[in-house]
Amino acid sequence: MPPPSSSTPRLAMTRSQADHDLPSLISDLTSLLLHSPAASSAAPVFSSSSLSIPTPTAPKPNPAPAPAPTATPLARAAIGACAGAAAGAFTYAALLPIDAVKTRLQASAAPSATSWQVFLDILRADGPLGLYRGLSAVILGSASSSAVYFGTCELAKSLLRPHLPPFLVPPLAGASGNVSSSAIMVPKELITQRLQSGAAKGRSWQVLLQILQADGFFGLYAGYAATLLRNLPAGVLSYSSFEYLKAFTLKQRDKDSLTPGESVLCGALAGAISAALTTPLDVVKTRLMTRVGTEGTRTVLGTMREVVAEEGLMGLSRGIGPRVLHSACFAALGYCAFETARLAILQRYLEGCQRKAAAQPAAEMDPGVAAAT
């Protein structure tokens, strides 16, 4: 057999060669183990001052996903107040001409006047700007009163929902919102209706000074009882109807929020129902507010008797057409604007909460790393 070449592996060894290579093999294995990464990481580390043996650390588990942020009752109230201020100022200003016609109709004792005739009379006497008399008082008063109204409603809903049946929450929330907002709404309506009816001349701030000089501070709250008497049932009917229609629509369509078109339809229907049922109270309230000085009676029941004695029961329905139109348009625009603004602000708020929650784990560092930095 020919001898194996240098490129062919050796298949056999003599006993003396195996004995000679055994110590070398053990030395190579020992060196390999001492210099492997696992061994070197557990080896003592010498420094100039101490001997430390690092201990292996277990990997940190992945943190559980943070729960979705929710708005607190106070945050919901603040969001509702901001959205309500914007919606109220926009809606009252847009519908001021219809309100001017309604006020002239209710303040006048002429039974034959129609809404169209009153509209033309205002244009002939004062021009187009006559339909916008008291605009500054409307914007300022409606923004503040709507902020208080919707802010109170949102707060009441958040606080009452865990403790009461769902069908009781909307009427109680609407009532609480009206009680709180009427303190701001009454002076605003008093100044606006004095200007619209022609009982006072000048700018809004001039009428305010005239009322304070003639009747004092409490003169700003002429008709407050009638306003509250009207606003409480109107607020309960309007707000509750909208909330019930909203809940029904969301349940049928399996959604979390209304579209603008759905908000308009629900709001218009709720406003029309409320306005039609509360027109007699609105007539009495308008008569009380448009009287100057000591003219006529100053009580709700007395004014109601005067209207019935002069015009019959139909006198309590004066202006029902423009009032229903005004309230339906107001509720449609108002609730649509409020829902749109509320959802936009709420989304920004929740996004800010999410960013804050996401940045919180990054700020939490190990004590050793924090000390090194």
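Annotations for the structure displayed:
- Of all residues in segment 252-268, those satisfying the criterion of being under 10 Å from THR340 (Cα atoms) and either of a type in the set (Ser, Thr, Tyr) or surrounded by 14 or more Cβ atoms within 10 Å (Cβ to Cβ) (or both) are SER257, LEU258, THR259, SER263.
- Each residue in segment 302-353 was checked for being within 23 Å of ALA94 (Cα to Cα) and charged (D, E, K, R), and 4 of them qualify.
- Any hit, segment 54-62, residues being outside any loop (DSSP other than H, G, I, E, B) and either crowded, with 21+ Cβ neighbours inside 10 Å or at pLDDT below 90 (or both): no
- Matching residues, segment 138-166, being among the hydrophobic types (A, V, I, L, M, F, W, C), over 20 Å from ALA331 (Cα atoms), in contact (Cβ under 8 Å) with a residue 12 or more places away in the chain and surrounded by fewer than 21 Cβ atoms within 10 Å (Cβ to Cβ): LEU159, LEU160
- None of ALA200, ALA214 is at pLDDT below 90 and assigned to a loop (DSSP other than H, G, I, E, B) except ALA200.
- Filtering segment 248-274 to residues that are over 30 Å from GLY319 (Cα atoms), assigned to a helix (DSSP H, G or I) and polar (S, T, N, Q) leaves THR249, GLN252.
- Looking only at segment 174-219, and only at residues there that are of a type in the set (Val, Ile, Thr), buried (at least 18 other Cβ atoms within 10 Å of the Cβ) and within 24 Å of the chain's Cα centre (by Cα), the one that is nearest to LEU131 (Cα to Cα): VAL186
The values are calculated or read from the model by the stated rules, or taken from the named source; none is laboratory data. Everything quoted here is computed from the prediction, not taken from an experiment. Positions of Cβ are generated from backbone atoms using ideal geometry, with glycine treated the same way; all protein chains shown enter the neighbour counts.
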